[in-house]
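The values are calculated or read from the model by the stated rules, or taken from the named source; none is laboratory data. Bear in mind the structure is a predicted one, so any value in this text is a computation, not a measurement. Virtual Cβ from ideal backbone geometry, glycine too; neighbours counted across all protein chains shown.
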Amino acid sequence: MDPKHTILAAALLTAGTLSATTIRPEKVKCGNCGEENTVTVVGSTNQMQAPDLDLRPGEMMRSTLRYQVTECKKCHYCAEDIGEKPESEAAKKAIARPMPGKGLKFRFVRAAEIMRAEAEAAGDKRDAAKKHCIAGLMLLRAAWVCDDEGKSDEAAGYRRQCAAELEKVIAFKEKQDGELPRGFALMLCDVCRRSGDFAKAERMARRVLNAKTREQRIAELQLELCRQKKTDRHTLNEISKPTPKK
Ligand SMILES: [Zn+2]
């Protein structure tokens, strides 16, 4: 073979190998009941296509959705990692309830319910927000399963539940940092739009358009101080708590 062709062939083969999704079985002891489960773990994947506006990844990562939740075959604990112990009694109670149904969608729904119970039981607000976030992302994944099955009404229902969780995360982060978490807000915007809640989607989009970053507010403060010919000391406290834009 012409050496040029050999190199080209090697490059193509390598590209193919590097870009493939690899999965492997792994043994995991259930954090709730101790049962040993064999789960499928994604070793590597790629995103050759652009993600959707709700951040659903493009292919090939898009097709790893089914591996993003695991169910214990004995106690039906569902989570991204069932090796993690449920933290609260509320979560254990949620696990003790019967499965809402069979299949991937219900594994995401159940994982969301368990995580929502954890969030509501969490003492620390940051921890609660993180758990509401995970619950929301699990519900969004349930909506994606419905999208793939062509069940748009059901998908909209999960998106509305997801929006309720994401709103809690945004409220916490906004209070914490004094700034609208714009990435989250844009994701929520798309979740609302795709559930048919155009009014809320528009409000979110407008809030992002109007949101000022900390840097923008510092620059505005500096311009104002220059205008007033002030040379005195000022601190970040003056710009840390903006009025949220509706
Ligand atoms: Zn179990």
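Brief remarks on what is shown
For every residue, the table says whether it meets (1) within 15 Å of the ligand (Cβ to nearest atom); (2) in contact with a Leu (Cβ under 8 Å, 6 or more places away or on another chain); (3) under 26 Å from Thr38 (Cα atoms).
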position: Lys74; (1), (2), (3): yes, no, yes
position: Pro86; (1), (2), (3): yes, no, yes
position: Lys92; (1), (2), (3): yes, no, yes
position: Arg97; (1), (2), (3): yes, no, yes
position: Ile114; (1), (2), (3): yes, no, yes
position: Asp127; (1), (2), (3): no, no, no
position: Cys133; (1), (2), (3): no, yes, no
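- Residue check for Met1: within 16 Å of the ligand (Cβ to nearest atom), in contact with a helix residue (DSSP H, G or I) (Cβ under 8 Å, 6 or more places away or on another chain), modelled with pLDDT under 95 and not hydroxyl-bearing (Ser, Thr, Tyr): no
- Test: residue in segment 223-236 that is modelled with pLDDT under 90 and in a helix (DSSP H, G or I): yes
Yes/no per residue for (1) modelled with pLDDT of 55 or more; (2) away from the ligand (no atom under 16 Å from the Cβ):
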residue: Ile7; (1), (2): no, yes
residue: Ala10; (1), (2): no, yes
residue: Thr14; (1), (2): no, yes
residue: Thr17; (1), (2): no, yes
residue: Glu26; (1), (2): yes, no
residue: Cys30; (1), (2): yes, no
residue: Thr38; (1), (2): yes, no
residue: Met48; (1), (2): yes, yes
